[in-house]
Amino acid sequence: MFRQSLHTETLPLYQCPTTAGIFGVMLSGNVIKALFFPAGYPSYKITDASHSLVEKLSHDLNYFFDGHPVDWSTYSIDLSSGTDYQRAIWRTLQTIPYGTCWSYGEVAGKAGFNGARAVGNACNKNPIPIIIPCHRVIHKSNKLGGFGSGIKWKQFLLCCEGLRHENDKLFYSKAE
């Protein structure tokens, strides 16, 4: 999920320790530009500095991983790395309620577009996963679909929200 346009950024990359591993967070002041899963970020950009926002994010990620909803809207995020279409999809993803999933087609329709495949591409380019919950998007057949950081991460995140899966299919939602 590391966007090519972010490769040229000169912004520091902070380490964000959690119970699920050390995430990477790219910040511009107090604005999150990117969130990287463990082992998914360039180590040459890591700073040794600390940042209060990273400490808050670490706490909130751990709370989420423990199965609790987090109000991610309290974070300022920068989506300027995306196209107009991608930003529209990412904003729509932020409206998917905790503990539920929408199909790629549902996301497209709610964003005012046609085309489930393009939604999958936008999800794959999401610079701030979890906060922009692309893991909540599945196939209309209840198959989990893909995930840029690996299907195991998608399964883990869905389980954190009380959603269960078996054989790559979602079969239980606590919202039911």
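So how long is each side of region 7-59 along the principal axes, counting just the alpha-carbon atoms, biggest first, in Å?
If we take the Cα atoms of region 7-59, the spans are 29, 23, 18 Å.
Rg and Dmax of the chain, Cα atoms, in Å?
Cα radius of gyration and Dmax of the chain are 15.6, 45 Å respectively.
Under 8 Å for C-alpha pairs, at least 6 residues apart: give me the relative contact order for region 50-166, rounded to a whole percent. Write out the running numbers ahead of the final one.
Working: 114 pairs, mean separation 33.6, N = 117.
So the answer I get is 29 percent.
Kindly put TRP72, TRP102 in sequence by how many other C-beta atoms sit within 10 Å of each C-beta, fewest to most.
Values: TRP72 18, TRP102 21.
Final ranking by Cβ density, sparse to dense: TRP72, TRP102.
To make sure I understand, if each residue's beta carbon is the centre and we count other beta carbons within 10 Å, what order do VAL70, VAL107 fall in, fewest to most?
Numbers: VAL70 18, VAL107 24.
Lowest to highest Cβ neighbour count: VAL70, VAL107.
What's the exposure ranking of LEU11, LEU163, going from fewest to most Cβ atoms within 10 Å? Can you show the working numbers first?
Numbers: LEU11 15, LEU163 23.
Going from sparsest to densest Cβ surroundings: LEU11, LEU163.
When Lys and Arg each count +1 and Asp and Glu each count -1, what net charge do the other residues less than 13 Å away from ASN62, Cβ to Cβ, add up to? Before the final figure, lay out each step's value.
Working: positive: LYS56; negative: GLU55, ASP60, ASP66.
Combined, the nearby Lys, Arg, Asp and Glu give -2.
What are the semi-axes of the equivalent ellipsoid of region 38-84, taken as the square roots of 5 times the eigenvalues of the Cα gyration tensor, listed largest first and rounded to whole Å? Mind showing how you got there, number by number?
Details: eigenvalues 85, 66, 30 Å².
So the equivalent ellipsoid measures 21, 18, 12 Å along its semi-axes.
A short reminder: the numbers here are calculations on the coordinates, not readings from a lab. Everything numeric here is computed off the predicted structure, so don't read it as measured data. Quick reminder, even Gly has a Cβ in these numbers, built from the backbone with ideal geometry, and neighbours come from all protein chains shown.
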